[in-house]
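Before any comments, here is the structure.
The values are calculated or read from the model by the stated rules, or taken from the named source; none is laboratory data. Model, not experiment: these values are computed from the prediction. Cβ atoms come from the backbone with ideal geometry, glycine included; neighbour counts cover every protein chain shown.
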Amino acid sequence: MSGKGGSKSLVPELFRFGLYKPNQGRMVRQFTFFGVAVLAAFGCITLAREQLMTSGRAIQVGLPLVLWGVVAWAGFRSVNYARFADFLISVEAELLRVTWPARQEVVQATVVVVVTMLLFGLYLFAVDAVWVFLFRLIGFNEM
């Protein structure tokens, strides 16, 4: 099952060097790649600082670097995998069609949400206080 503009598997794509539709969906593809690379970097740093702490310096530094390189390369190749790249291209096309709200509208909506949450918090506090009072009145001890 070849599908729309894509090969059957991601594995052969990992060993290619070309870019798929290089001028389309660049921003979303770059952000996706950088997200994968940063997430892999944090994972490799955690690996080096925790699991490999007792290993020799070469292993503590070298293994996470090699692992990060492999994951970064796989992330780079995956954003050039035909099916995934076509999806990211269509995501960017949809983002360009979005009508973003004006700053004033965002501020007003944020104020409404914050005030609503504060009022809801106060309401829950009052209900909790009433229940605590009632339980103490009937002699039910809190833990």
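Does GLN104 count as among the polar types (S, T, N, Q), exposed (fewer than 10 other Cβ atoms within 10 Å of the Cβ), modelled with pLDDT of 90 or more and assigned to a helix (DSSP H, G or I)? Yes; evaluated as a whole, the condition is true for this residue. Here ILE89 fits the description: within 24 Å of PRO12 (Cβ to Cβ), in a helix (DSSP H, G or I) and either of a type in the set (Val, Ile, Thr) or touching a Pro at 6+ places or on another chain (Cβ under 6 Å) (or both).
In the set (1) outside the structural domain of PHE34 (by TED's automatic domain parsing); (2) surrounded by 10 or more Cβ atoms within 10 Å (Cβ to Cβ), GLY139 fails one condition alone, (2).
Results for (1) surrounded by 15 or more Cβ atoms within 10 Å (Cβ to Cβ); (2) in contact with a Leu (Cβ under 7 Å, 6 or more places away or on another chain); (3) within 30 Å of CYS44 (Cβ to Cβ), shown as yes or no for each residue.
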residue: TRP73; (1), (2), (3): no, no, yes
residue: PHE76; (1), (2), (3): yes, no, yes
residue: VAL79; (1), (2), (3): yes, yes, yes
residue: ARG83; (1), (2), (3): yes, no, yes
residue: ALA93; (1), (2), (3): no, no, no
residue: LEU96; (1), (2), (3): no, no, no
residue: TRP100; (1), (2), (3): no, no, no
residue: GLN108; (1), (2), (3): no, no, no
residue: VAL114; (1), (2), (3): no, no, no
